Amino acid sequence: MTDIIKQTGSLQPKELEAIYAISRSVAGGIEVETTLDEILRYLRPVFIFDNIVLYVPNSDGTLEPTYARAIGRGRIREADLAWGEATALSAYRSGKAFRKVDQHEDARNDRTNVRYMLGLPCNSGEAMHGALVFIRFGGPEYRSDQVLLAEFVALHVAQLLQHKQLVSRIASLEARRKLDSLQDDFVATISHELLTPLGFIKGYATTLLREDTQWDSATHREFLTIIDEEADRLRELIDNLMDSSRLQSGTLSMTAQPLRLDILLKEISFRSQTRNANLKINLVIDAPRLQISADPTRLAQVFDNIISNATKYAPGSPLTIHLERVGKQACISIRDYGPGIPKDQLETIFQRFYRVTDQNKSVRGTGLGLFICRQIIQAHQGEITADSVVGSGTTFSIYLPLEDRMKTT
Ligand code: ADP
């Protein structure tokens, strides 16, 4: 490479100017195609050619064209063009500029059927990145000073390809690093979440089994209740994990059926208040008899999750559940009057494993619930959003398309 650079002295001022402009665009360019187009713009006034093709190696050692432009006479002949693959291969394998003239039938009547090929290795000095081929239809032949100029161009193209390779290598290393750290976080979170209920179950079961102590029936019952609740938690956690991985792989089955939202919401409110006697739900049905097509179990799972989050993160707060019609959609909003969620985290709470930082650390959770909710709602062609004012409370809004026959009424 240094040999070529030493020879810049033999270039004409205009050619040197073009080379400097090309160096500048290579230094600032990342996108190969755009930068090559720019290089061609600088090169055209000082170097005649009809076609240019850039070949890069495949994993099996063959060359593949990744960039080709037909300019001038080449344009009208694009369809039957020879793209100089053999010339590229010779330059690539030998590491040297390679000139070749191809005579095609009817060359005597039509001079443009004589093709002057110039193949140049794209060697950045560190690696061979491919080969560049220039084609002239009907000449003129490439003079050696022109070959030198073309070698400079090929050197810059090699640097561009090297740059691109480095950028993509860095990006894939970065992606790998992120994935590794996500997996570490995942294992840490999940192990902790699984071990906590398991610890309770094991601890209380072992205590109850001790033969040296007699427990009165109230204590006995209390310990069994804890074991029962923790086993439920464990089950819920494993269900969530399985749902989440099925959603990711697109294998979570959903069966849609006609569903009256007012009825579903009444049932869910009733069930939640029976489970939690301290929970007050104010159900406001603005639009009765709204019908959608949905999987009732999965939809109930979404509402249960949001209500259960409200009892976890806004304990003691009443809830308002509001059903209304917004255009061709049903809108269900669930509002609590708890601590709220900072604005900058209102989108991220829907990401897998995300939990709001600095929130009550003693509240247990995995950050899977809202991720699952969003996936389920999106599978119903709907949308779920969160709105919040820190200190005043949070509202989750779910939009679902109405059944077709309702959209026109
Ligand atoms: P988990 O409850 O298992 O942590 P979710 O995905 O259900 O996971 O919720 C993500 C996070 O969103 C929670 O960790 C919590 O920080 C926040 N969050 C959810 N609902 C509320 C709410 N009603 N009020 C305040 N923060 C909430």
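The values are calculated or read from the model by the stated rules, or taken from the named source; none is laboratory data. Keep in mind that this is a model prediction, so the values were computed, not measured. Note: ideal-geometry Cβ built from the backbone for every residue, glycine included; neighbour counts use all protein chains shown.
Might you let me know whether the stretch 282-303 holds any residue that is in the same structural domain as residue 393 (by TED's automatic domain parsing), in a helix (DSSP H, G or I), closer than 22 Å to residue 185 by Cα and within 30 Å of the chain's Cα centre (by Cα)? No, because not a single residue in the stretch 282-303 is in the same structural domain as residue 393 (by TED's automatic domain parsing), in a helix (DSSP H, G or I), closer than 22 Å to residue 185 by Cα and within 30 Å of the chain's Cα centre (by Cα). Does the stretch 248-267 include one or more residues that are within 16 Å of the ligand (Cβ to nearest atom) and touching a helix residue (DSSP H, G or I) at 6+ places or on another chain (Cβ under 7 Å)? Checked the stretch 248-267: no residue is within 16 Å of the ligand (Cβ to nearest atom) and touching a helix residue (DSSP H, G or I) at 6+ places or on another chain (Cβ under 7 Å).
For residue 138, indicate whether it is of a type in the set (Gly, Ala, Ser) and closer than 30 Å to residue 369 by Cβ. Answer is no for this residue. Take the conditions (1) out of contact with any Ser or Thr (no Cβ under 7 Å at 6 or more places or on another chain); (2) surrounded by fewer than 17 Cβ atoms within 10 Å (Cβ to Cβ); (3) farther than 17 Å from residue 305 by Cβ; residue 230 misses just one of them, which is (2). Within the stretch 272-281, the set of residues being in a helix (DSSP H, G or I) and buried (at least 18 other Cβ atoms within 10 Å of the Cβ) comprises just one member, 272. Could you please let me know if residue 321 is in contact with a strand residue (DSSP E or B) (Cβ under 7 Å, 6 or more places away or on another chain), within 9 Å of the ligand (Cβ to nearest atom), modelled with pLDDT of 95 or more and within 28 Å of residue 247 (Cα to Cα)? Spelling it out, it is not the case that residue 321 is in contact with a strand residue (DSSP E or B) (Cβ under 7 Å, 6 or more places away or on another chain), within 9 Å of the ligand (Cβ to nearest atom), modelled with pLDDT of 95 or more and within 28 Å of residue 247 (Cα to Cα).
Does residue 397 count as near the ligand (Cβ under 8 Å from one of its atoms) and within 14 Å of residue 334 (Cα to Cα)? Criteria not met by residue 397.
For the stretch 180-202, filtered to residues that are modelled with pLDDT under 80 and hydrophobic (A, V, I, L, M, F, W, C), the residue that is surrounded by the most Cβ atoms within 10 Å (Cβ to Cβ) is 190.
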